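Here is the structure we will look at, set down as structure tokens.
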Amino acid sequence: MSLNPSPGPVSLAGRRISVTLLVVALLIASGTAVAATAVYFELKPAIESKAVSPTGPGPNVTVVDDLGRSVVAKANASRIVVLAPSVLDIVYRLGLRDRVVGVGCDPLISGGLLNEYTPNQSALWNVSAALCIADFPSIAVEELLYRSPQLILASTITSAAAVEELSVTYHIPVVLLSPNSLEGIVNDVRLVGQLFPSVGATTNALVTQLNLQLIAAEKFDSNLSSNGGILPTVLVTYYYDGGGYYTFGPDSFGQSLIDVLGAVNIASSSPLVYFEMNATAVLNASPDVVLYGTSWNDPWIVANQTPAQWQSTTGGAPYWSQLTGAKDAVDITLMTEADPSLILAIPILLHLVHPTLVPPP
């Protein structure tokens, strides 16, 4: 798809703010190399908003998830299945990792668990192949039931049919998290905290920490605006192929990130939320800053796209050498996973976007 955004710095008046709830999921496919693309679908609340009975005795809690579904679950569930790395980031930070009895992965794709969890994440969160439950292109229901979960926390890559089956047929509460903004990530931390009142103090502390990061970024943005500053144009990209760069359009958490960083998304005029921006359009836009996702410590995530591979003159990112703006490599998980780690990385990303105004953290 060819877009024609205006090249060069853009004034503050040209900024676009994300407000609408849409859904993103990352789909990892394989061959000799593994490619990543973003897909999304709607799970209509009118159909799926069915309260389900939690497993086992004890007090219940009712929450409304990101897709407007009212879900009744056992408070402080002791057995959790987590079907997305972004959700496990929240679970880990709230001190709930010891309750996780399974995580989603695709054992049929080369790399298995490594298609969803980097070595750093696997080590930090103690994730091994023993926890793996196939969840793409469909959930291995029998394998999941074998873990006897009391609660399933998932992103919207989980199919509507799977949610219906697990919730209605097997009476397992499924809570879907789908933030389309950084503020939505904070709300998801609160949502998970509601399910686990026992970690209320930890939840409040994490929410406070995340909000302080967002407030600091907003203060920087406000000062930039009041001083007549010019917002740099930015391309945030997590994958490339011969046709162009995969990036974030309006109403996505990627757009929200660029807004918070005091910058302008060169893809903000796209009619799509997640898409591949034509390489020629990127060249014509001439972004001041390119933040590109890499996985130099991982043999599978995003086809092992190291900085050297992006920069290669043979098979590298198209027109790479002709893009004259600053190019900064960023851990791929900070480009594709809407979770607390992304918000906590804001000081690093602010420095990359505004190197002369923001010192390195």
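A few remarks follow.
- Selected residue (criterion: surrounded by the most Cβ atoms within 10 Å (Cβ to Cβ)) from residues of the range 211-232 that are in contact (Cβ under 8 Å) with a residue 60 or more places away in the chain and of a type in the set (G, A, S): A217
- Elements of type helices (runs of 4 or more DSSP H) in the range 100-174, at least 3 residues being under 22 Å from D188 (Cβ atoms): 119-125, 160-164
- Residues that are over 24 Å from A338 (Cα atoms) and touching a residue at least 60 places away in the same chain (Cβ under 8 Å) within the range 150-165 comprise Q150, E164, listed in sequence order.
- Taking the numbered list (1) within 18 Å of the chain's Cα centre (by Cα); (2) assigned to a strand (DSSP E or B) in turn, L88 passes all entries but (2).
- The single condition among (1) part of a helix (DSSP H, G or I); (2) touching a strand residue (DSSP E or B) at 6+ places or on another chain (Cβ under 8 Å) that L67 does not satisfy is (1).
- The residue of the range 247-285 that is nearest to the chain's Cα centre (by Cα), among those that are polar (S, T, N, Q) and within 18 Å of G316 (Cα to Cα), is T247.
- Tabulated pairs, the range 344-360, first touching a residue at least 24 places away in the same chain (Cβ under 8 Å) and closer than 17 Å to L182 by Cβ, second aliphatic (A, V, I, L, M) and surrounded by fewer than 16 Cβ atoms within 10 Å (Cβ to Cβ), C-beta under 9 angstrom, 6+ apart or interchain: I346/A216; P347/A216; L350/A216; L350/L357; L352/A326; V353/A326
- Residue match in the range 147-168 (condition: in the same structural domain as V71 (by TED's automatic domain parsing), more than 20 Å from N60 (Cβ to Cβ), out of contact with any Leu (no Cβ under 6 Å at 6 or more places or on another chain) and at pLDDT 95 or above): yes
Each row is one residue, and each column tells you yes or no for (1) out of contact with any Asp or Glu (no Cβ under 7 Å at 6 or more places or on another chain); (2) in contact (Cβ under 8 Å) with a residue 12 or more places away in the chain; (3) polar (S, T, N, Q); (4) not assigned by TED's automatic domain parsing to the domain that holds A217.
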{"residue": "G243", "(1), (2), (3), (4)": "no, yes, no, no"}
{"residue": "A267", "(1), (2), (3), (4)": "yes, yes, no, no"}
{"residue": "S270", "(1), (2), (3), (4)": "yes, yes, yes, no"}
{"residue": "M277", "(1), (2), (3), (4)": "yes, yes, no, no"}
{"residue": "T280", "(1), (2), (3), (4)": "yes, yes, yes, no"}
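- Scan of the range 168-214 for residues that are of a type in the set (S, T, N, Q) and farther than 18 Å from N76 by Cα, ordered by number: T169, S178, N180, S181, N187, T208, Q209, N211, Q213
- 3 or more residues modelled with pLDDT under 95: qualifying helices (runs of 4 or more DSSP H) within the range 262-361: 307-311, 333-336
- Residue check for I185: of a type in the set (V, I, T), in contact (Cβ under 8 Å) with a residue 12 or more places away in the chain and either part of a helix (DSSP H, G or I) or surrounded by fewer than 20 Cβ atoms within 10 Å (Cβ to Cβ) (or both): yes
- Against the criterion of being polar (S, T, N, Q) and more than 17 Å from L350 (Cβ to Cβ), N278 qualifies.
- Hits in the range 250-261 (condition: in contact with a helix residue (DSSP H, G or I) (Cβ under 7 Å, 6 or more places away or on another chain) and outside any helix (DSSP H, G or I)): L261
- Qualifying residue in the range 204-222 (condition: within 18 Å of the chain's Cα centre (by Cα), outside any helix (DSSP H, G or I) and either modelled with pLDDT of 90 or more or not assigned by TED's automatic domain parsing to the domain that holds Y92 (or both)): no
The values are calculated or read from the model by the stated rules, or taken from the named source; none is laboratory data. On a predicted model such as this, the values are computed, not experimentally measured, just so you know. Note that we place each Cβ from the backbone using ideal geometry, even for glycine, and neighbour counts take in every protein chain shown.
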